[in-house]
Amino acid sequence: MGATKRPAYRVIAIDKRRSRDGRALEILGFYDPLTEPATVQLNTEKITGWIAKGAQPSETVVKLMRQAERAATAPGEAEKPKRATRPTKPKASSKAATKAKAKAGADAEAEALATEEAPADTTSIQELSAAEEAPVDETEKAGA
């Protein structure tokens, strides 16, 4: 039941051989998740009667029955049903992403400038020390 972006659900007893949207044997209650707190109204006597006849409640109906029992025992503390959701990372806005890229680019430039100056001095020192320690060729000794 319901409409686009306005879900509303019926709890029904239906034969498993019928289609999902087929005619129900009996309507046992309803669930409206959009109200605050969510509205769950179930006829527990009829549900237990169907279970006694061999009906098997779905996992969702079992959760709704537990929620309805809690609401009946403590009417002031009705709880919204928990939904199985995946943890998601918060998405950064496009402005925040642009700022992060600019900052990363500026940091990279500053690091590149710092590394350009330092290696230039050290490489010249390394080249000089390598040239001093280089072995002298036999041909150079003979020609001298």
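The values are calculated or read from the model by the stated rules, or taken from the named source; none is laboratory data. Small disclaimer: the values here were computed from a predicted structure and weren't measured. When we count neighbours, we look across all protein chains shown, and the Cβ atoms used for this are built from the backbone with ideal geometry, even at glycine.
Looking only at residues in region 58-89 that are of a type in the set (D, E, K, R) and part of a helix (DSSP H, G or I), the one that is modelled with the lowest pLDDT is E77.
Summed over region 23-37, the residues that are part of a loop (DSSP other than H, G, I, E, B) and either over 23 Å from R6 (Cα atoms) or aliphatic (A, V, I, L, M) (or both) give a count of 3.
The set of residues in region 3-40 being surrounded by 12 or more Cβ atoms within 10 Å (Cβ to Cβ), within 18 Å of S58 (Cβ to Cβ) and modelled with pLDDT under 85 consists of A38 alone.
Evaluation of V40 against the conditions (1) in contact with a helix residue (DSSP H, G or I) (Cβ under 7 Å, 6 or more places away or on another chain); (2) touching a residue at least 24 places away in the same chain (Cβ under 8 Å); (3) in a loop (DSSP other than H, G, I, E, B) shows that the sole unmet condition is (3).
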